[in-house]
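K.L.:
One structure follows; several queries about it will come next.
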Amino acid sequence: MQEPSSLADAILEIPASELQHFFDDLILTFDSLNDLLKDQGILRGKELAELNTRASQAVKEARSPIEKLLVLNAYIRKQIGHAGRALQARPPTTPTDQGVIRQAITKIHLRAVAIVEHVKTIAEGKKEVAFSSVQTRDFLAGREGKPPSRRDAIRALRRAEKLCPALLCGHTPGDGRQTIRLTAKTDDFKDSEIVKEDSDRGQRQRSRMEELRIIFFKEGVSRV
């Protein structure tokens, strides 16, 4: 067989597992940008839901695995475009008298910080601690005057997990309602401080684009 004359003429056999890893990375990128757009108030509610719906539908209609990857990447570029335009429209940050840069802190971040400190407090004298979404709503209601929605309480719990490495967010075992809760071993708090908000974003397990993962791999492609 004659060797390909150029890279453009080469035919590559790519295992489905490698495509899956690449697609998973794109999904994480899409999710991260979704969080950014929502938390910073760039896209919310109906507008953000419509973007996600269009992305899901476009990937579903793509005819090949590679086309699906390209379509998802195109929607990632759309997200970046929204963020870029929002940054251009905002006035530049200015130093305070103490030389500290003013930064916007979202409500979900403030709630998460409060939850981390509260869980540390109730963990004192115990070997392990658990803090459910139901308890979270009661706790935040005491601080804010009314309980947040279940969805917002769960978002705060997941953000608390990202802020404090000692915390693990997951479903309550044996609970038919699959109540979300934070758990931690008290000893782990000793060497655990609140970290920057996005430092461990790549480790999170959840994905708003699970539907895309199903669409992409339900075809059972073994090689491309």
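K.L.:
Can you find even one residue in segment 86-101 that is within 21 Å of the chain's Cα centre (by Cα), surrounded by 15 or more Cβ atoms within 10 Å (Cβ to Cβ) and at pLDDT below 85?
P.N.:
Checked against the condition, which is being within 21 Å of the chain's Cα centre (by Cα), surrounded by 15 or more Cβ atoms within 10 Å (Cβ to Cβ) and at pLDDT below 85, segment 86-101 yields at least one hit.
K.L.:
Same structure, new question: Looking at the structure I just gave you, is L43 in contact with a His (Cβ under 9 Å, 6 or more places away or on another chain), modelled with pLDDT under 80, surrounded by 14 or more Cβ atoms within 10 Å (Cβ to Cβ) and not aromatic (F, W, Y)?
P.N.:
Against the criterion (in contact with a His (Cβ under 9 Å, 6 or more places away or on another chain), modelled with pLDDT under 80, surrounded by 14 or more Cβ atoms within 10 Å (Cβ to Cβ) and not aromatic (F, W, Y)), L43 qualifies.
K.L.:
So which residues in segment 178-189 are closer than 13 Å to A160 by Cβ and part of a strand (DSSP E or B), if there are any at all?
P.N.:
Passing the criteria: I180, R181, L182, T183, A184.
K.L.:
Same structure, new question: Testing D138 on (1) surrounded by fewer than 19 Cβ atoms within 10 Å (Cβ to Cβ); (2) touching a helix residue (DSSP H, G or I) at 6+ places or on another chain (Cβ under 7 Å), one condition comes back false. Which one is that?
P.N.:
(2)
K.L.:
Which of (1) in contact with a Phe, Trp or Tyr (Cβ under 6 Å, 6 or more places away or on another chain); (2) modelled with pLDDT under 85; (3) of a type in the set (A, V, I, L, M, F, W, C) is the odd one out, the single condition V224 does not satisfy?
P.N.:
V224 satisfies every listed condition except (1).
K.L.:
Related question: Only one residue in N73, N52 is over 23 Å from I108 (Cβ atoms), of a type outside the set (G, A, S) and at pLDDT 80 or above. Which one?
P.N.:
None of the other options fit; the residue is N73.
K.L.:
I'd like to know if segment 118-132 contains one or more residues that are among the hydrophobic types (A, V, I, L, M, F, W, C) and within 18 Å of D35 (Cβ to Cβ).
P.N.:
Checking segment 118-132: not a single residue is among the hydrophobic types (A, V, I, L, M, F, W, C) and within 18 Å of D35 (Cβ to Cβ).
K.L.:
Report, by residue number, each residue of segment 16-38 that is of a type in the set (G, A, S) and either at pLDDT 85 or above or over 9 Å from the mean Cα position of the chain (by Cα) (or both).
P.N.:
A16, S17
K.L.:
Within segment 165-177, can one find any residue that is in a helix (DSSP H, G or I) and either at pLDDT 90 or above or within 29 Å of D25 (Cβ to Cβ) (or both)?
P.N.:
For segment 165-177, residues in a helix (DSSP H, G or I) and either at pLDDT 90 or above or within 29 Å of D25 (Cβ to Cβ) (or both): absent.
K.L.:
Are any residues in segment 137-157 in contact (Cβ under 8 Å) with a residue 40 or more places away in the chain and over 17 Å from F189 (Cα atoms), and if so, which ones?
P.N.:
If the condition is that a residue be in contact (Cβ under 8 Å) with a residue 40 or more places away in the chain and over 17 Å from F189 (Cα atoms), then D152, R155, A156 are the ones that fit.
K.L.:
Just one of (1) surrounded by fewer than 11 Cβ atoms within 10 Å (Cβ to Cβ); (2) at pLDDT below 90 trips up K127, so point out which.
P.N.:
Of everything listed in (1) surrounded by fewer than 11 Cβ atoms within 10 Å (Cβ to Cβ); (2) at pLDDT below 90, K127 misses just condition (2).
The values are calculated or read from the model by the stated rules, or taken from the named source; none is laboratory data. Here the structure is a predicted model, which means the values were calculated and not measured. All Cβ positions, glycine included, derive from the backbone under ideal geometry; neighbour counts span all protein chains shown.
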